[in-house]
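Here's the structure, in structure tokens; my notes come after.
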Amino acid sequence: MASAGARVRAVAAEIVDAVTTEGRSLDAAIADNESRVPSNDRSLLRMLCYGVLRHHWQLEGWASELLARPLKRKDSAINALLSVGLYQLSDTRVPDHAAVSQTVEAARLLRRPKHAGLINACLRRFQRDNLAGKSQLNEERRWNHPRWLIEAIKRDWPDDWEAILAANNERAPMWLRVNSSRQEAADYQGKLAAAGISADVLPGLPDALRMSNPTSVDELPGFAEGDASVQDAAAQIAARWLLSRTRGRILDACAAPGGKSGHLLEAGGSDIELTAVESDASRINSIRQNLDRLGRSATIIAADASKPGAWWDGRLFDGVLLDAPCSATGVIRRHPDIKLLRRGSDVEALRRLQGALLEALWPLLAPGGWLLYATCSTLAAENDSVVAAFLEGHDDAVEDEMLPNNNIRDLMRRKVCGYQILPGTAGLDGFYYACLEKKVS
């Protein structure tokens, strides 16, 4: 009977293979497969999957040097398994003997018993020849990013590109958003401390707590009752920024999974009437679940925000949060599969969609109202270039350059239009924001 350790490696290989050969998202592949391993092994499963995808190009390079010839496409799961084994030997504290023996055993679980010897020989040669210390690196292998993305970040951030790529390969910290309608962040920090959980505040972000160590939400005091939510601090800037300008009727376009909707309702309370629009009907339930846990309600519409004729009731909004679909290159730390699933050609299509959303939603905004444009991208083509083009074509639009508070100034980089947070800054994800005011004629 196969060991539990071998099963974890086999399932990890199948998940990695689903991402690299089938184009599946890592989160979806894990959700579909983690029940196949015991609950106490699921953290190891996630560590292996995330780690292999973070180091994909380096691991693939080592594999190509170890294999006499490439494996056949039908054996792609074995190729993924070899990466799982190499990752354990190079970047984890898993004992080498366990990493080798259980990865070899996993080949049999993948119904490839003839490849068990090959996996064993490759892993032992990797150890014997110290391949990690001798292997020559090209840029893709050195930075574990696709070439198109390396070049794009170099172009947009000539002085910061190395720091951005390095930050993308780090593990992201866990951030909480404290429900300000119930308590201050400092009060909840005290409750965490009483439960033996350490967390720190970040000046300028009044609802944010950074966890010293990742913690299951089941262990967080009052989580099920809505006292706190898991949300990166950079994403928490959105609601406070928009509400520092306006109240009344608020539109959250592209709202799933509902984190920013929940924050708007927590911070805005009875002063706002929220409409949340999401084009992906399969994600609507995530918005409802988030708001139900917080004890909040909003008008939730499954529709394409870029086609308001199909869903808008004709009443103008006082504020619009457009968290636009993007390449997500600012959140690679949390989603390393982005590096494999995105293509350079995607950016142009996303840029057109972002421009179309701005054009479609601007007429829905009342004169004197505010639109906050946000992405979790680090690429200028999706950020300041989109906003600059929009401003050039709209005489009734003007950028408000004032930040919601001065404490976050050091976190932000001023762009041609708007502000950028680079990934890793104070432990934050990469986010872009631009606040636009509609002139009163």
Name the residues in the range 198-214 that are at pLDDT below 95, open to solvent by less than 50 Å² (accessible area, probe 1.4 Å) and under 18 Å from Asp187 (Cβ atoms), would you? Leu202
Among what's in the range 243-274 and is hydroxyl-bearing (Ser, Thr, Tyr) and either touching a Cys at 6+ places or on another chain (Cβ under 8 Å) or open to solvent by 10 Å² or more (accessible area, probe 1.4 Å) (or both), pick the residue that is nearest to Gly204 (Cα to Cα). Ser244
May I ask you to list the residues in the range 404-434 that are under 26 Å from Pro367 (Cα atoms) and in contact with a helix residue (DSSP H, G or I) (Cβ under 6 Å, 6 or more places away or on another chain)? Pro404, Lys415, Val416, Cys417, Gly418, Ala434
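Each row is one residue, and each column tells you yes or no for (1) over 22 Å from Ala256 (Cβ atoms); (2) surrounded by fewer than 22 Cβ atoms within 10 Å (Cβ to Cβ).
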| site | (1), (2) |
| --- | --- |
| Arg333 | no, no |
| Ala356 | no, yes |
| Ser385 | yes, yes |
| Ala389 | yes, yes |
| Gly393 | yes, yes |
| Asp396 | yes, yes |
| Leu403 | yes, yes |
| Asp410 | yes, yes |
| Gly427 | yes, yes |
Ala388 within 23 Å of the chain's Cα centre (by Cα) and either without any contact (Cβ under 8 Å) to a residue 40 or more places away in the chain or over 15 Å from Phe317 (Cβ atoms) (or both): no
Restricting attention to the range 72-122, and to residues there that are part of a loop (DSSP other than H, G, I, E, B) and touching a residue at least 12 places away in the same chain (Cβ under 8 Å), which single residue is most open to solvent (accessible area, probe 1.4 Å)? Arg112
Just checking, does the range 243-264 include any residue being free of Cβ contacts under 8 Å to residues at least 60 places away in the same chain, part of a helix (DSSP H, G or I) and not small (Gly, Ala, Ser)? yes
Of those in the range 215-242 that are part of a loop (DSSP other than H, G, I, E, B) and polar (S, T, N, Q), the residue most open to solvent (accessible area, probe 1.4 Å) is Ser216
Just a yes or no: is a residue in the range 20-39 of a type in the set (A, V, I, L, M, F, W, C), open to solvent by less than 30 Å² (accessible area, probe 1.4 Å) and over 30 Å from Asn213 (Cβ atoms)? no
Determine whether Ala434 is crowded, with 23+ Cβ neighbours inside 10 Å and under 21 Å from the mean Cα position of the chain (by Cα). yes
Which one of these is at pLDDT below 95 and among the polar types (S, T, N, Q): Ser135, Ser101? Ser135
Name the helices (runs of 4 or more DSSP H) wholly within the range 326-441 that hold at least 2 residues that are among the small types (Gly, Ala, Ser) and more than 30 Å from Ile30 (Cα to Cα)? 344-361, 384-392
Looking at the range 279-288, is at least one residue within 30 Å of Asp400 (Cβ to Cβ), without any contact (Cβ under 8 Å) to a residue 40 or more places away in the chain and touching a Pro at 6+ places or on another chain (Cβ under 7 Å)? yes
Can you find even one residue in the range 157-164 that is within 30 Å of Arg342 (Cβ to Cβ) and either among the small types (Gly, Ala, Ser) or modelled with pLDDT under 95 (or both)? yes
List the residue pairs whose Cβ atoms are under 6 Å apart, where the first residue sits in the range 35-61 and is touching a residue at least 60 places away in the same chain (Cβ under 8 Å) and aromatic (Phe, Trp, Tyr), the second is open to solvent by 20 Å² or more (accessible area, probe 1.4 Å) and in a helix (DSSP H, G or I), and the two are 6 or more positions apart or on different chains. Trp57/Glu140; Trp57/Arg141
So which residues in the range 275-319 are more than 21 Å from the chain's Cα centre (by Cα), crowded, with 20+ Cβ neighbours inside 10 Å, among the small types (Gly, Ala, Ser) and in a strand (DSSP E or B)? Gly319
Test Leu322 against the criterion of being open to solvent by less than 20 Å² (accessible area, probe 1.4 Å), of a type outside the set (Gly, Ala, Ser) and assigned to a helix (DSSP H, G or I), and give yes or no. no
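The values are calculated or read from the model by the stated rules, or taken from the named source; none is laboratory data. Quick caveat, the model's predicted, so the values are computed rather than measured. Glycine gets a Cβ as well: all are built from the backbone with ideal geometry, and neighbour counts include every protein chain shown. When the accessible area is computed, the model is the full protein with side chains, heavy atoms only, and any ligands, DNA or RNA have been set aside. Shrake-Rupley method; radii C 1.70, N 1.55, O 1.52, S 1.80 Å.
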